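Scroll down for the structure; my scribbles are underneath it.
The values are calculated or read from the model by the stated rules, or taken from the named source; none is laboratory data. Keep in mind that this is a model prediction, so the values were computed, not measured. Cβ coordinates were reconstructed from backbone atoms using ideal geometry, including for glycine residues, and neighbour counts include every protein chain displayed. Areas reflect the complete protein model, heavy atoms only, side chains present, ligands, DNA and RNA absent. Shrake-Rupley method; radii C 1.70, N 1.55, O 1.52, S 1.80 Å.
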Amino acid sequence: MAVLAMVVCCLVLGFSFLCFALLKWNEIRYRGEGLPPGTMGWPVFGETTDFLKHGPNFMKNQRARYGSLFKSHILGCPTIVSMDPELNRYILMNEGKGLVPGYPQSMLDILGKCNIAAVHGSAHKYIRGSMMSLISPAMIKKQLLPKIEKFMRSYLHNWDGKDIDIQERTNEIDCFNLEVRSLIIRTTLQLHEIVEIESSQLYETFKPEFDKLMVGTLSLPVNIPGTNYHRGFQGRKRVVRILRQIMEERRASSIAHNDMLDHLLRKEESNYNLSDEEIIDQVITILYSGYETVSTTLMMAIKYLHDHPRALKELRDEHMAIRQRKKPEEPIDWNEYKSMSFTRAVIFETSRLASIVNGVLRKTTKDIELNGFVVPKGWRIYVYTREINYDPFLYPEPLTFSPWRWLDKGLESHNYCFVFGGGSRLCPGKELGIVQISTFLHYFVTRYRWEEVGGDKILQFPRVEAPDGLRIRTHVAPNYVRQAPVARSQVRQAPVARSQVRQAPVAPSYVRQKLPRKSSKTGDNREHGRNSVTHSIASTGSRSSDLGKSKFRNLGVLAAENDFGKPPATSE
C-alpha cells in the first residue's frame, strides 16, 4: 500500500511538473522585447477554452491584471487584445499600414480564401463592390424591399392565439426568406422546373451542413474526425457541392430567376466578372454574415420592447401612423421605411445593448508599434469592441434600454460607434438588415400584442441565444383589420427571360461622416424603467496604455450570462 501511494504521488508530481513546464515553455516561446504583458496558456490550445467559456469575464480579468492592451493565445493564434477605444479606432481606420484582416485559420479555411474577410487591398475593393451591387440602397429600394415586404406580410399572417418560440421563428426568417437573407430557399435554391417540389428537400439537406460550417468557423484548426473544425470543413464541402449543382442547373436553363445568385452568374451584364470559386465564397459569406445577426437582433428587440412598455408604445404609434394612411393590404414603400426614425433607434439600441458582435480581428504584415509596444509580424490583433457599447461617457446609463439616445443622428457616426464595424470594412449588409428588421416589426406590432410564457434565460457569449427558447403568446391587436395572406406565388417572383433582366446599379461609395461636436442626449425621454436584463459592471482597474489614458477607461461589461427573471407582463 505504501508503495502504491508512493507511485501515485510520483505520478501526480510528475504530471504537475509537466504542466508547469509546458506553460512555462509557452510563455518563454512568446516572450519578446516590446510585447505587451499577458499570458499565453497551453501550447497549441493557448487560452481558447477560457476565452470561449468565460468570454467577457475573461477579458475583464486580463485587463484588470495587464491593462487595456495585453497578449494572449486564442483560436490557435498568438494574439494582442485591444480594449482601448482610441486604439481600436486607429486600427480599424488604418488597414493597409501593416494591418490586414486576421480572422482565425478555421474561419478562412471554411469560408473560403476568396471571402470578403480574407482578402485585402484591390481584391477587397473588387469583392466588396460586387457584394454592394447586390445589396446597395438602390437595389434594396427597387428590388429587395417589395419582396421583403410581401414575405413578412405572409410570414406573420395568422399568429393569433399561438404560443411561439420567437427565437425559432426569427431564425426561420434568415433561412426561409432567401431573397432577403440573400440566397437560400424559395428563389435561390430553385432547381430549374422542380422548384416547388424539390426546394424544401434541398433546404433540408443544405441547412444541417451549413450549421456545421457555422460552428466550425470558431474552432481550433485541428482536422481530426469528431472535432468542430473537421465537421465544419466537411459541411463546407457539401455546401459547395450543392451550390455547384445549382449553378450548373442555372447555366443550363434559359430562365432568369432574378435573384442574387442569378446576378452573380450573369457576367455579361455585370461590372464584376467573378470566377465560380469567388461566386461560391461570395454566397457562403453573405449567408454566414447574416445567418444569425438579423434573427438575434429581432429576438432581442422583441424582448427589450416587451420589458419596456413606453418604448413599445412609441414604436407602435410610429407604425400605426403609417398604417392609418394606407389601405389594409397596401404595402409600405421606401419613403415610409425611411420615416421610421424611432424603429431605427430601437434597432441600434438593441444591437448596442445585446452586443451581438464582440469584435474584429486584424493581422500584422510587419512589425508595428501600438501604444509603445511592438507587435511582431504575423500576430493577430483582436479589436474587442464589446465594452465600448457600455461606456457611460458615450452612452449615459449604458445598461438601460433607451432608444431615444439614437434620435440624435450624430450618435450613429461618432468616432467610437462600432455597432456595425468601422473603416473600410463597415458592414456591407447594414442597411439590408435594418430594412428586414423594420419591416418585421411594422407588421408584428401593428397586428399583435404578446406576453412571455417561458424561456427567459439569455446567454450572451460566445453568441447571443436563448438556450431554452424565448416563448411568447400572441393576441390579435384591437381594431386590427385582418388582411388576406400573401400567396407564396406572389412572394416568389415569376421567372423572366434573361433579356428582360436589368442590370443592378452599383452602390455609391461609402462616405465617412465627421465626429459631431455635441454629444447625444437622451433628455427627458430616457427610459428609467427597471431593466429586466441582469448585468454586472466591473471596473477596468488602474492600469491602461498611453494611448488609452482618456475618459474611456472605465467601461461596463455585460455578464457572460444574463438571467431574465422578471414575471411575465403583457406588452400592450
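For LYS326, what is the net charge nearby, where nearby means another residue's Cβ is under 10 Å from its Cβ and Lys, Arg count +1, Asp, Glu -1?
Working: positive: ARG323, ARG325, LYS327; negative: GLU329, GLU330, ASP333, GLU336.
Around LYS326, the surrounding residues sum to -1.
Quick check: the distance between the Cα centres of the stretch 385-411 and the stretch 33-66, to the nearest angstrom? Between the Cα centre of the stretch 385-411 and that of the stretch 33-66, the gap is 27 Å.
Over the stretch 327-430, what percent of the accessible surface lies on carbon and sulfur atoms, probe 1.4 Å? Roughly 54 percent, rounded to a whole number. Calculated over the stretch 104-150, the projected area of the Cα convex hull averaged across directions stands at 4.4 nm².
Less than 11 Å Cβ to Cβ from GLN282, Lys/Arg counted +1 and Asp/Glu -1: what total charge do the surrounding residues give? Each step should come with its number before you reach the end.
Details: positive: ARG128; negative: ASP276, GLU277, GLU278, ASP281.
Net charge in that neighbourhood comes out at -3.
Treating r as the C-beta distance of ASP468 and ALA321 and R0 as 51 Å, the FRET efficiency rounds to 0.90. Ranking LYS53, LYS142 from most to least accessible surface, computed with a 1.4 Å probe over the protein chains only, gives LYS53, LYS142.
Between their Cα atoms, which of LYS53/LYS207; LYS150/LYS326; LYS303/LYS326; LYS97/LYS363 are more than 19 Å away from each other?
Details: LYS53/LYS207 26 Å; LYS150/LYS326 15 Å; LYS303/LYS326 28 Å; LYS97/LYS363 11 Å.
Exceeds cut-off: LYS53/LYS207; LYS303/LYS326.
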